Amino acid sequence: MFEDDTQYFVTLDYRWDHAPSQINLGGSYNSINDATRVDLSRTVNDYVGSVGGNIQLESDDQRDHQSAELIYVANRARFEADVSRSEFADSQDAYSASVRMNTAVAFVDGHFGWGRGQPGPFVIATMHPTLSEQQALLGVSSLVGYKAAADSTFGGLLPLDVAYSNNDVYINLPDAPIGYDWGASKVSYSPGAASGHLLTLGSDSAYTVKGVLLDAAGYPVSYLQGEIVGENVRTSFFTNRAGRFFIQGVAPGTYQLIAGGDAKKAQTVKIVAAESSLIDIGRVILD
């Protein structure tokens, strides 16, 4: 005769995920050993200011366990802290706690960068002296924030995501002087396995010049293409209906302004350094 060995048990599972806040809540119960588990977590990302971690509560007929972890992502470091407690049926309570920090420094072509570290390729961003009071944001996302920042004191260190593949880095200087041309807002790298790259933001040729082009009679010269030449710069410009023009990417110095391609009628223009990066040279009259 066989004894009836039929067993019955109940298992319950629940999971809730909230994508906008990156919060996850889960729970489970198993009647075999009266095991209960509840966990609450928030996913952390690589953007500055991200806060995440998790809390877990576990219990069964042999043990009670609680643990918590907190993660904070700063510009130049990542901080982690955790604590846990376990209570066993036949022994004393056990406790543990730890605090960890991740930071790194790197050098490329004699330039120093400081930030969060990870194995693999990276970019060091430095500021040109003309941006001595500004901060550059690297790895910018319009929805999330930025991954690293650079200032005139310390270069920014930005790890690149994938070696031997294209990595786009978006840049923003939210406090750049009006009219300042710091360069491209997106740069791309296809790095090696552990290569370092240097990015310098800004230059002496970062001023924007505005003015009004007039003919000899004092009337606006409308819809005309011209060039400004000098200081190793050759840049085109266009006038609008009122004769106004803007020229980006120039440095202080002496230039020849050529209107309509007629070099014989070039006008000498002097651009003087100023506190503002938007320099108004006023009226330029063609002879």
Pop out the ³J(HN,Hα) list for region 181-195 in order, Karplus 6.51 cos²θ - 1.76 cosθ + 1.60 with θ = phi - 60°, rounded to Hz; leave Gly and Pro as x.
9, 7, x, 5, 8, 9, 10, 10, 10, 10, x, x, 5, 9, 8
Counting C-alpha atoms alone, how compact is region 1-144: give Rg to one decimal and Dmax as a whole number, in angstrom.
23.5, 94
Gaussian network model of the chain, Cα springs within a sub-10 Å range: biggest mean-square fluctuation belongs to which of LEU201, LEU143, LEU213?
LEU143
Under 19 Å from LYS264, Cα to Cα: aspartates and glutamates that are on another chain or at least 8 residues apart:
ASP215, GLU227, ASP287
Could you quote the convex hull projected area for region 205-287, Cα atoms only and averaged over all directions, in nm²?
4.7 nm²
In whole angstrom, how long is each semi-axis of the equivalent ellipsoid of region 1-47, when you take the square root of 5 times every eigenvalue of its Cα gyration tensor and sort them from largest down?
38, 9, 8
State the Cα centre-to-centre distance between region 135-158 and region 206-225 in whole Å.
38 Å
Simple spin-label model, 7 Å along Cα-to-Cβ: ASP93 to ALA163 in nm?
4.7 nm
Stick to the Cα atoms of region 174-241, pair each with every other, and give me the Kirkwood hydrodynamic radius in Å at one decimal.
15.8 Å
What length, rounded to one decimal in nm, is gained on full extension from ASP287 through to ARG241, with 0.36 nm per residue of separation minus their alpha-carbon distance?
14.6 nm
Restricting to lysines and to Cα separations under 19 Å from LYS210, and discarding same-chain partners fewer than 8 apart, the set is LYS270
Cα-based Rg of region 31-95 per 2.2 N^0.38 Å, rounded to two decimals?
1.44
Quick one: pull the percent of accessible area on the chain belonging to carbon and sulfur, 1.4 Å probe, ligands and nucleic acids left out.
53 percent
In Å², rounded to a whole number, the accessible area per residue of region 119-257 with probe 1.4 Å is 49 Å²
Quick one: if you take sqrt(5λ) for each eigenvalue of the C-alpha gyration tensor of the chain, what semi-axes come out, biggest first, whole angstrom?
64, 20, 15
Note, region 264-270: 3J(HN,Hα) by Karplus (6.51, -1.76, 1.60, θ = phi - 60°), whole Hz, Gly/Pro = x, goes 5, 9, 5, 10, 7, 10, 10
Viscosity 0.890 mPa s, 25 °C: Kirkwood-radius Stokes-Einstein D of region 77-212 over Cα pairs, µm²/s:
143 µm²/s
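The values are calculated or read from the model by the stated rules, or taken from the named source; none is laboratory data. Please read these numbers as outputs of a predicted model, since none were measured by experiment. Neighbour counts run over all protein chains shown; Cβ positions are idealised from the backbone, glycine included. Heavy atoms of the whole protein, side chains included, go into the accessibility calculation; ligands, DNA and RNA do not. Shrake-Rupley method; radii C 1.70, N 1.55, O 1.52, S 1.80 Å.
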